[in-house]
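Peer 1: Encoded as structure tokens, here's the structure I'll be asking about.
The values are calculated or read from the model by the stated rules, or taken from the named source; none is laboratory data. The structure displayed is predicted, hence computed values, not measured ones. In this analysis, Cβ positions are derived from the backbone assuming ideal geometry, glycine residues included, and neighbour counts consider all displayed protein chains.
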Amino acid sequence: MSWYKNFKEEWQKIIETVAREANRTTQMIEKDTIQSMFLRELSKVDLPFVFKGGTSDSCKRMSIKRSNMT
């Protein structure tokens, strides 16, 4: 995850801003960001695989609705 490590301060500011504006915890935003970037990169690999479960499918469609956890 060099894209994250190389710009950690910038990402932290972005995550804090999004968390504040979306009324979510920074942990939720950071997890969703990393998960989304991982799935994006994984989608570029030509391997036959199947996701099971709702989280990956929901993230793929950007349809996760979270309750306020703060």
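Quick grid of which residues meet (1) closer than 25 Å to residue 12 by Cα; (2) modelled with pLDDT of 75 or more; (3) surrounded by 12 or more Cβ atoms within 10 Å (Cβ to Cβ); (4) not polar (S, T, N, Q):
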site	(1), (2), (3), (4)
25	yes, yes, yes, no
30	yes, yes, yes, yes
34	yes, yes, yes, yes
39	yes, yes, yes, yes
47	no, yes, no, yes
56	yes, no, yes, no
59	yes, no, yes, yes
63	yes, no, no, no
67	yes, no, no, no
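Peer 1: Sticking with this structure for a sec: Is there any pair linking a residue in segment 1-21 that is under 15 Å from residue 35 (Cα atoms) to one that is aliphatic (A, V, I, L, M), with Cβ under 6 Å and at least six apart or on different chains, and which?
Peer 2: Note: pairs meeting the criteria are 15/29.
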